[in-house]
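Read the structure below first, then the notes.
Rule-based calculations on the coordinates, nothing more; no lab input. Since we're looking at a predicted model, the values are computed, not measured. Positions of Cβ are backbone-derived with ideal geometry, glycine not excepted, and every protein chain shown enters the neighbour counts.
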């Protein structure tokens with residue numbers, strides 16, 4: 001009963017064998033997953049994919065809709081530098097998409113200062129607007145943060161106080177983990193925890209409250225060992241769960257039950 005809390009199953013990289021990928025996930029014990037939009041078009045596709053599989057599969061697909069920091073430029077007017085003018089029509093459509101019963105969260109949203117595909121002022125403004133929208137709609141958020149810790153924390157701290165959400169594919173240090181947990185956020189752990197050069201995550205997972213951990217693939221990206229270098233897919237979330245089981249000195253079933261319960265609680269599926 002594994003729950004892959006973050007996929008991009010709507011990605012074109014799955015166009016040739018999407019149904020086979022879903023079947024392999026079922027065979028690996030995955031019963032639920034979330035497919036996350038990164039812009040309006042991908043969000044539409046995520047909703048359509050979730051709707052197409054309602055009641056038809058042993059694997060339940062949920063959708064999240066949002067604007068990734070890489071795509072923040074698409075939700076502003078002009079060049080995206082300060083002062084930023086938001087394209088309100090984009091957020092109106094996002095709110096409409098979020099009204100679909102298959103949608104369980106807003107996201108993926110956040111800041112990414114590694115690539116800077118969108119101007120940083122645009123990233124911050126688009127993140128803040130989505131946080132406000134999530135509060136209006138009473139939906140949890142799926143958060144992306146890369147090399148932007150200070151600004152990321154500032155935008156979140158300036159936003160709605162009682163926001164629910166997860167820092168997906170968490171790769172930061174103990175200090176940011178402590179900040180996130182103190183805010184009531186969950187941590188999503190993906191394939192990199194299995195990499196030999198990412199050992200700091202082991203200590204974070206050992207120390208954190210077990211009821212605040214989610215597992216994910218972020219597929220088609222970041223395939224875990226021993227599949228590293230290949231296209232990732234939801235079936236591979238099992239490798240993440242097995243690694244967590246070793247850290248917790250418990251069984252795979254215990255990890256699956258705990259993290260599935262956690263995801264369901266956060267996403268309002270209980």
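Give me P(r) over segment 149-221, computed from all C-alpha to C-alpha distances, binned every 10 Å, as integer percentages.
So the P(r) values, bin by bin, are 18, 53, 26, 3.
Report the rotationally averaged projected area of segment 51-198 based on its alpha-carbon convex hull, in square nanometres. If you can, show how the numbers build up before the last one.
Numbers: hull surface 40.0 nm².
That works out to 10.0 nm².
May I ask you to sort 115, 221 by Cβ crowding, counting other Cβ atoms within 10 Å and putting the fewest first? Let's see the in-between values first.
Working: 115 10, 221 15.
Ranked by crowding around the Cβ, least crowded first: 115, 221.
Between residue 245 and residue 18, what is 0.36 nm times their sequence separation minus the Cα-Cα distance? Round to one decimal in nm. Write out the running numbers ahead of the final one.
Values: separation 227, 0.36 × 227 = 81.72 nm, distance 2.86 nm.
Length difference between fully extended and current span is 78.9 nm.
How big is the C-alpha Rg of the chain next to the rule-of-thumb value 2.2 N^0.38 Å, as a ratio?
Working: Rg = 17.3 Å, N = 270, 2.2 N^0.38 = 18.5 Å.
My calculation over the Cα atoms of the chain gives 0.94.
Take 111, 267 and order them by how many other Cβ atoms sit within 10 Å, fewest up front. Let's see the in-between values first.
On the way: 111 28, 267 23.
Going from sparsest to densest Cβ surroundings: 267, 111.
Calculate the FRET efficiency for residue 231 and residue 92 from the Cβ-Cβ distance with a Förster distance of 35 Å, rounded to the nearest 0.05. Show your work: numbers first, answer last.
Working: r = 34 Å, r/R0 = 0.98.
After rounding to 0.05, the efficiency reads 0.55.
May I ask you to compute the full-extension gain from residue 254 to residue 100, defined as 0.36 nm times their residue separation minus their alpha-carbon distance, rounded to one decimal in nm?
On the way: separation 154, 0.36 × 154 = 55.44 nm, distance 3.22 nm.
Contour length minus Cα-Cα distance gives 52.2 nm.
For segment 115-174, evaluate the Debye formula with one uniform point scatterer on each Cα (no solvent term) and list log10 I(q)/I(0) at q = 0.15, 0.20, 0.24, 0.30 Å⁻¹, rounded to two decimals.
The computed values of log10 I(q)/I(0) come out as -0.44, -0.79, -1.11, -1.46.
In what order do 46, 38, 5, 11 fall by count of nearby beta-carbon atoms within 10 Å, going from fewest to most? Could you put the intermediate results ahead of the total?
Numbers: 46 30, 38 23, 5 34, 11 18.
By the 10 Å Cβ count, ascending: 11, 38, 46, 5.
Given a 10 angstrom Cα cut-off, can you work out which residue in 179, 73, 248 is the most mobile in a GNM of the chain?
Largest GNM mean-square fluctuation: 179.
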